[in-house]
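Student: What follows is a structure written as structure tokens; I'll ask about it next.
The values are calculated or read from the model by the stated rules, or taken from the named source; none is laboratory data. All values reported here derive from a predicted model rather than from experimental measurement. FYI the Cβ positions are ideal-geometry reconstructions off the backbone, even for glycines, and counts take in every protein chain you see. For the accessible areas, the whole protein counts, side chains as well, though only heavy atoms, and no ligand, DNA or RNA atoms are used. Shrake-Rupley method; radii C 1.70, N 1.55, O 1.52, S 1.80 Å.
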Amino acid sequence: MSSKTINLTLKVWRQNRKNPAGDLETYQANDISTDMSFLEMIDVVNEQLTEQGIEPIAFDHDCREGICGMCGAVVNGRAHGHMPETTLCQLHMRHFKDGNTIVIEPWRATAFPVVKDLVVDRGALDKIIQAGGYISVNAGGAQDGNTIPVPKENAEKAFNAAACIGCGACVAACPNASAMLFTGAKISHLALLPQGKPGAKRRALSMVRAMDELGFGNCSNEAECEAECPKGISITEIARMNREFIKAAFS
Amino acid sequence: MTLESKIPSGPVHEKWDRHRFELKLVNPANKKKFDIIVVGTGLAGASAAATLAELGYNVKNFCIQDSPRRAHSIAAQGGINAAKNYANDGDSIWRLFYDTVKGGDFRAREANVYRLAQLSVNIIDQCVAQGVPFAREYGGLLDNRSFGGAQVSRTFYAKGQTGQQLLLGAYSALMRQVSAGKVEIFPRREMLDVVLADGRARGIVTRNLVTGELESYSAHAVVLATGGYGNVYFLSTNAMSSNVSASYRCYKKGAYFANPCFTQIHPTCIPVHGTYQSKLTLMSESLRNDGRVWVPKEAGDKRPPEQIPESERDYYLERKYPSFGNLVPRDVASRNAKDQCDQGKGVGETGLAVYLDFADAIARDGREAIAAKYGNLFEMYEKITGEDPYVTPMKIYPAVHYTMGGLWVDYNLMTTIDGLFALGESNFSDHGSNRLGASALMQGLADGYFIIPYTIGGYLAGTRLPDVDASAPQFKEAEAKIREQVDRLLSIRGKRTVMDFHRSLGKIMWDHCGIARDEQGLEKARQMIAELREEFWENVNVPGDAADFNQALENAGRVADFMEFGELMVKDALDRKESCGCHFNTAYQTEDHEALRDDENYCNVSAWEYTGPDSDPVLHTEPLTFENVELTQRSYK
Ligand SMILES: Cc1cc2nc3c(=O)[nH]c(=O)nc-3n(C[C@H](O)[C@H](O)[C@H](O)COP(=O)(O)OP(=O)(O)OC[C@H]3O[C@@H](n4cnc5c(N)ncnc54)[C@H](O)[C@@H]3O)c2cc1C
Ligand code: FES
């Protein structure tokens, strides 16, 4: 960890009740250690803004280790910034250069209204899961775990799909603001496991319908979602979802 | 008030069955007449909310984050224990019970721990049925690994993302009940008070974090599952919003706070590297299965690790604890790391780190096998530090991680306020003075899926609860008090930011109420916290408005509570004149520098009662008896 410091110009989306249309404001971020995370850099700027009597920049975050899916912003046009498979909280300032200008904007999608500055409402993702992203089993009724063997390969594939953190970067990255990768990941996770088979049909139909109703766009195979997904979820999950959907629709 | 633990009679292995039989039942048709508030959507809260709804209760479920799926449980990495004995290596419910009681250094209730060990097996079954993608062997059966403080392999895992997968399982069960109309979820709400009527918990007041509005909700019972308070130290492995406020405000309303000073400092975290740092990142304990901990033998040896020959390295855990080696419990590992650094053998720029080295494991099993087990952890380490742990040993240092203390609860998980239950990390129950790895996930899910559904029924069936609705004066009073505090915070407009105060508090706590404590330091801390708190209320700068999304205001409320709570922790630490588990008072240690308990005077739970802002809290103790595991000096040699 050999740290140095850099100076940056930030152009940050500010939007609140007094300024409902929103616009970009410019701030200086000086003496930023390259060991800082992107969010720690915003913390430092917020401390300075507070001292200057300017309201700090609102942004969502919680775990700061790339797993809760709470953080996220479009940084220089890229969801979660330019590093592959990295959430904003795990993006470190060593990947920026002294003198850089950084444009920071919220996720943009009809289904994700802006709450304030960089904070958006992603409740629509919960609604997609409510439409069927579960296996119907009550607590207490389960049989011994090892009576359901799952081939290691399938278990791993299911895990890879289940690794989605629900951050919404796929929606933000997609020109159509589609939630196919998010929905595909959940449908695949469950379809790959024997436990998920009984409810598979209903699940595929209902989740896809919910996605449409909630105002997410269609998939036109841009693959931007895969490119920006911080967890490396593959668009093969979308293909699997489509197969599940077709199977369900025609049987 | 005397503390009644309500532990059922009979042999330890029959207590839970007997109790379940004796508990009154709510008739299935009547369940829909009861409303239950569950605060928290982590493993404990989500599993409780979903299960209570499955039974037919009407549930309202609250969380701070924008979605229940983001609760801090999501970040748990290493795994969850269960006494399945699939590995056929000698595990049993009894052994898990024994390991947990011993690991907790004999400061937990035997009856609770036994029940936890019993239920551990049901948890795995439940999670598999929900579709949790646990790691599997080639034959398709569930795989296990080892964790600290145990000599068997009983930890179930999903790569380094076990918490995520378990929480998504519980969340999916919760979403199923939302769509069934049995659970209503309230995200971006912060509970700021519990409301009592006739001495019973009957509702809560929350702040809507988007609009700033105060909202009141009434119910027949309130279940708290709001997690741990490690963030009192500012730097910890907890998520940023983890707080003590929910439990602390219940404490102020009459719930006793148990063992507040029992804090777990986890041995394997990425070391601190700057004052701007906002949190610390855990490197899962599972890494100690294959990584070897060492420092240079010579103090002040600043050579890079690859230049230090084998003969000049001290694998101090393996040397001192040959039978557990790198897998000693967390308190022991943390204390030893600190000792080595205090002796000047610490490595890295700050000298506050030790090596965790995978070279031997990689040579033995190959890079691929190691990547399969720990790939995501290695990547995370590299992202944060810019160093590749496949090539250079990791540098690690202890960090605040988990709080064993919490609201005092009886065997039914009910606090000293009737109708207020506490689950998961927010209660004090099962881990004594030191939690074993992979046991928090187990406890949260045992509480939520399998305990509260029974015990809350016993309470509701056996209690007359007149109608109370959210327009009752008690709610208005609570709202008015909260409003007053919010207005006060916003009116100060001082010179120091909330984060700055939080950082100062954290430093006091870490320096004086951290890995090792002594009376002098604790006394000093008490005074420093009182001074800091005074300054806070005169000089804090909280920008923005009350009627808005205002993160500085949210934090200010949490830090204000941490300031008061820190004092309670220090008081508790001062009062416990012994060392046990994570509470290490340097005045009480064995010749080998291990924690020296005083079972004659302190074989008990400390439970503190709030008596008002200007008077000292009153201590109550619950004696602990050990009938099944012999009280002995712990040894991991
Ligand atoms: C990095 C890390 C790794 C870990 N790894 C492991 C592991 O491998 N194995 C293991 O067993 N344990 C592990 N632990 C410990 C374990 O994750 C936690 O103890 C456990 O998940 C706590 O669960 P919980 O349900 O009690 O609380 P949490 O998951 O913390 O949930 C708290 C909930 O309460 C809500 N809440 C809090 N305050 C309020 C309020 N005032 N108003 C409204 N809502 C509120 C939050 O929004 C959240 O929904 C780990 C912990 C950390 C930090
Ligand atoms: S803050 Fe949790 S993923 Fe970034």
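Student: Just checking, which of B:GLY148, B:GLY169, B:GLY160 is assigned to a loop (DSSP other than H, G, I, E, B), among the small types (Gly, Ala, Ser) and more than 10 Å from ligand 1 (Cβ to nearest atom)?
Tutor: B:GLY148
Student: Considering the range A:146-177 alone, what residues qualify as being open to solvent by 10 Å² or more (accessible area, probe 1.4 Å) and away from chain B (no Cβ under 12 Å)?
Tutor: A:CYS170, A:ALA172, A:ALA173, A:CYS174, A:PRO175, A:ASN176, A:ALA177
Quick grid of which residues meet (1) more than 12 Å from every other protein chain (Cβ to nearest Cβ); (2) within 16 Å of ligand 2 (Cβ to nearest atom); (3) without any contact (Cβ under 8 Å) to a residue 60 or more places away in the chain; (4) not in a loop (DSSP other than H, G, I, E, B):
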position	(1), (2), (3), (4)
B:ILE36	yes, no, no, yes
B:THR41	no, yes, no, no
B:GLY45	yes, no, no, yes
B:ALA48	no, no, no, yes
B:VAL59	yes, no, no, yes
B:ILE64	no, yes, no, no
B:ALA87	no, no, no, no
B:ASP91	yes, no, no, no
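Student: Restricting the first residue to the range A:59-88 and requiring it to be within 12 Å of another protein chain (Cβ to nearest Cβ) and over 20 Å from B:GLN161 (Cα atoms), which pairs with a second residue that is open to solvent by 20 Å² or more (accessible area, probe 1.4 Å) and more than 16 Å from ligand 1 (Cβ to nearest atom) meet a Cβ separation below 6 Å and a spacing of at least six or different chains?
Tutor: Close Cβ pairs (under 6 Å, with a partner that is open to solvent by 20 Å² or more (accessible area, probe 1.4 Å) and more than 16 Å from ligand 1 (Cβ to nearest atom)) amount to A:MET83/A:HIS95.
Student: Report, by residue number, each residue of the range B:115-149 that is in contact with a Ser or Thr (Cβ under 9 Å, 6 or more places away or on another chain), buried (at least 21 other Cβ atoms within 10 Å of the Cβ) and more than 14 Å from chain A (Cβ to nearest Cβ).
Tutor: B:LEU116, B:ALA117, B:SER146, B:PHE147, B:GLY149
Here is a yes/no grid of residues against (1) crowded, with 20+ Cβ neighbours inside 10 Å; (2) in contact with a Phe, Trp or Tyr (Cβ under 9 Å, 6 or more places away or on another chain):
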site	(1), (2)
B:ASP342	no, no
B:VAL354	yes, yes
B:GLY366	no, no
B:PHE378	yes, yes
B:GLU387	no, yes
B:PRO393	yes, yes
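Student: Could you count how many residues in the range B:305-323 are in contact (Cβ under 8 Å) with a residue 60 or more places away in the chain and open to solvent by 30 Å² or more (accessible area, probe 1.4 Å)?
Tutor: Adding up the residues that qualify gives 4.
Student: Hey, could you check the range B:77-93 for residues that are modelled with pLDDT of 95 or more and hydrophobic (A, V, I, L, M, F, W, C) and say which is most open to solvent (accessible area, probe 1.4 Å)?
Tutor: Among them, the one singled out is B:ILE93.
Student: On to the next question. Working only within the range B:66-85, note down all residues that are away from ligand 2 (no atom under 16 Å from the Cβ), polar (S, T, N, Q) and assigned to a loop (DSSP other than H, G, I, E, B).
Tutor: B:ASN85
Student: Which one of these is assigned to a loop (DSSP other than H, G, I, E, B), of a type in the set (Ser, Thr, Tyr) and either in contact with a Pro (Cβ under 6 Å, 6 or more places away or on another chain) or at pLDDT 95 or above (or both): B:THR632, B:THR611, B:THR621?
Tutor: B:THR611
Student: Identify, from the list B:ALA29, B:ALA83, the residue that is aliphatic (A, V, I, L, M), within 14 Å of another protein chain (Cβ to nearest Cβ), farther than 30 Å from A:ASP62 by Cα and away from ligand 1 (no atom under 13 Å from the Cβ).
Tutor: B:ALA83
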